[in-house]
Amino acid sequence: MPTEINPAVSVCIPCYRGAAHLAAAIESVLTQTFTDLELIIIDDNSPDNTDEVVASFADPRIRYLKNQTNLGPDGNWNRCLDEATGRYFKLLPQDDVLDPTCLAKQVAVLKADVDHRVALVFCSRTILDARDRAIMVRGYPMRRSGLVPARALVRQCVRRGTNVIGEPGSVMFRRQLVASAGRFDASIPYVLDLDYWVKLLGHGDAYYLNEALASFRVSGGSWSVRIGARQSQEYQLFISKLSANPTFTTTRFDILAGKAMSKVNALLRAVLYRFLAMEARKT
C-alpha cells in the first residue's frame, strides 16, 4: 500500500459567521503558486451558510470540519493546531486573503533556515475594506527584509503599543514548535494572535519579508472590530504581562510609552472603523 505523505503546509481557516468573505479566502489559498498544501476549514458551529460556501469548491486539498458546539476563537484556533498535519503552519482568518506567492516565499525562508534559528516568518500586509479596496499597507517599521532578533521585535510591539508583527495571515511557523510554545490563549482576547507570536519568539528569532503578501480585511463582522472598544485596555494588560516575562527585557520607558501609544492607536482605529462604516452605508 502507498505511504501517505503529509503536505508541506497546513493552512487553516477558523470561521464563525464568515460566509460573506470566506470564498475569497479559500480561493486565495487554492491559487497559491506553492501547491503542496492542505486547507483545513473549521466552522465553529456557525448559523450561516458556511457549509454551502465550502461545498462550492471541489478541491481534494480541502478538509471541512464543523464543531458540534461553539468553542470560541481560542478553542477553534487550537483545534486548527490539532488537525494540521503539515510541516509548516499558517492560520488564515475568514475575512483575509493571501497573495499568490505568500506560501512559496515564506516556506523558502523556513527551508533555508537549516539551523532552526527562525521561530516565525512574517510579512507586511494590505488593509482592505469590506469592498476589497486597499486602505493602506502596514509592515515592520523602518525595516528591510531580513532577520529580526526576538527581543528587538517584542520591544517594538511594547513601545509602539500595537502588534507590529501582524495578523495571523501574515505569519508562518513550523508546526513542530507548537510542542514547545503551547496553545493559543484568549485570556486577553484582543492579543490572542500576538500573545502566541511572543510564545514562539521565546524559541527563536523572526524573519521579516518586506512585501505585502497578505491582506487583512476590516469589516463590520471581523472579530477585531467587534472587540474594538476594549483594545487599549487589553493591550495595556498585555504590556504588563510582557514586563513580567524574563525572556524579554522591557524598560520602564518602554512600558510607559507603550501604554500611551495603545490609547492613541485605539483612537485612530475608532476613527478608521467609523469612516469605513459610513462608507459601507453609502453602497
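The values are calculated or read from the model by the stated rules, or taken from the named source; none is laboratory data. Since we're looking at a predicted model, the values are computed, not measured. A quick note on method: Cβ atoms are made from the backbone with ideal geometry, for glycine too, and the neighbour counts reach across all protein chains shown. Ligands, DNA and RNA are excluded from the accessible area calculation, which covers all protein heavy atoms including side chains. Shrake-Rupley method; radii C 1.70, N 1.55, O 1.52, S 1.80 Å.
A few points about this structure:
- Test result for residue 69, under 19 Å from the mean Cα position of the chain (by Cα) and in a loop (DSSP other than H, G, I, E, B): no
- When the stretch 3-28 is limited to residues that are hydrophobic (A, V, I, L, M, F, W, C) and in contact with a Cys (Cβ under 7 Å, 6 or more places away or on another chain), the one that is surrounded by the most Cβ atoms within 10 Å (Cβ to Cβ) turns out to be 12.
- Positions within the stretch 9-42 being farther than 11 Å from residue 53 by Cβ and small (Gly, Ala, Ser), in sequence order: 10, 28
- Applying the condition of being touching a Ser or Thr at 6+ places or on another chain (Cβ under 7 Å) and among the small types (Gly, Ala, Ser) to the stretch 114-148 and asking which residue is nearest to residue 204 (Cα to Cα) yields 139.
- Residue 69 surrounded by fewer than 17 Cβ atoms within 10 Å (Cβ to Cβ) and touching a Ser or Thr at 6+ places or on another chain (Cβ under 7 Å): no
- Apart from one condition, residue 34 fits all of (1) under 18 Å from the mean Cα position of the chain (by Cα); (2) closer than 17 Å to residue 173 by Cβ; (3) of a type in the set (A, V, I, L, M, F, W, C); the exception is (1).
- Looking across the stretch 123-163, the residues that are in contact with a Leu (Cβ under 7 Å, 6 or more places away or on another chain), within 23 Å of residue 25 (Cα to Cα) and not aliphatic (A, V, I, L, M) come down to 123, 129, 163.
- Meets criteria (free of Cβ contacts under 8 Å to residues at least 40 places away in the same chain and either under 18 Å from the mean Cα position of the chain (by Cα) or outside any loop (DSSP other than H, G, I, E, B) (or both)) for residue 51: yes
- In the stretch 178-191, the residues that are within 18 Å of residue 120 (Cα to Cα) and in a helix (DSSP H, G or I) reach residues that are of a type in the set (Phe, Trp, Tyr) and open to solvent by less than 50 Å² (accessible area, probe 1.4 Å) with C-beta atoms within less than 6 angstrom, at least six apart or across chains, in these pairs: 191/238.
- Spans of helices (runs of 4 or more DSSP H) in the stretch 72-167 with at least 2 residues more than 15 Å from the chain's Cα centre (by Cα), surrounded by fewer than 18 Cβ atoms within 10 Å (Cβ to Cβ) and touching a residue at least 12 places away in the same chain (Cβ under 8 Å): 72-83
- The requirement of being among the aromatic types (Phe, Trp, Tyr) and open to solvent by 60 Å² or more (accessible area, probe 1.4 Å) is satisfied by residue 207.
- When residue 182 is tested against the conditions (1) in contact with a Lys or Arg (Cβ under 7 Å, 6 or more places away or on another chain); (2) at pLDDT below 95; (3) under 28 Å from residue 98 (Cα atoms), the lone failure is (2).
- In the set (1) closer than 19 Å to residue 122 by Cβ; (2) at pLDDT 90 or above; (3) among the polar types (S, T, N, Q), residue 236 fails one condition alone, (1).
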